[in-house]
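Data first, discussion second: the structure below is written as structure tokens.
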Amino acid sequence: DIIYNSKYAQDFYARSGLAETISVHLKQFTPESIRAADSGSGGGGCAVNIMIFNLRIMFLLTTFNKELRQKLREKLQVVTYLIEIIDQIMKERLNSNATTNSGDEQQHASVSININEQQQQQFACLIDEQNEQADYCYLRKSDIDYIIEILKILYNLTMDAPNVRANAIATMTS
């Protein structure tokens, strides 16, 4: 609330290097840290909460400070790291879903879905029980929290990026 409501706090934290420090922590996000958070080893629940808190702080800082957005985007390449984190989360979940034991697969397959034939065709990839290489994954609540916060930051970082705007205008006019 303080960062959101106070221009002084926004300026102070933007100048203090907090966003840069959070950026360093983002670079340390790995599949191993996802597994550790899932298993609860090494204070996993606490680590998840700290990372989500850091992401929320980064979101607020990037919401109110255009210069900071530009610095994070251009000098620190934070956009790349954020996209890599989402990619790592999705790959980790796909890998963990692929390695589940057959009991879990049977449990997922036993869920009955009441949809008509047209909807079955539309969502065939989701209910194809014969397809062992399914193209979907089950996300945990912490994964969803990470992804939501990351997407909010990505929006802030790219909303005033000149290349993104120019590409969007060029696409709309052609």
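The values are calculated or read from the model by the stated rules, or taken from the named source; none is laboratory data. Note that the structure is predicted; figures quoted are calculated from it, not measured. Because the Cβ atoms are built from the backbone with ideal geometry, glycine has one as well, and the counts that use them run over all protein chains shown. Ligands, DNA and RNA are excluded from the accessible area calculation, which covers all protein heavy atoms including side chains. Shrake-Rupley method; radii C 1.70, N 1.55, O 1.52, S 1.80 Å.
For the reader, a short list of remarks on this structure follows.
- Residue 35 being among the charged types (D, E, K, R), at pLDDT 90 or above and either surrounded by 12 or more Cβ atoms within 10 Å (Cβ to Cβ) or under 17 Å from the mean Cα position of the chain (by Cα) (or both): no
- Residue within segment 128-141 that is in a helix (DSSP H, G or I), open to solvent by less than 30 Å² (accessible area, probe 1.4 Å) and modelled with pLDDT of 80 or more present: no
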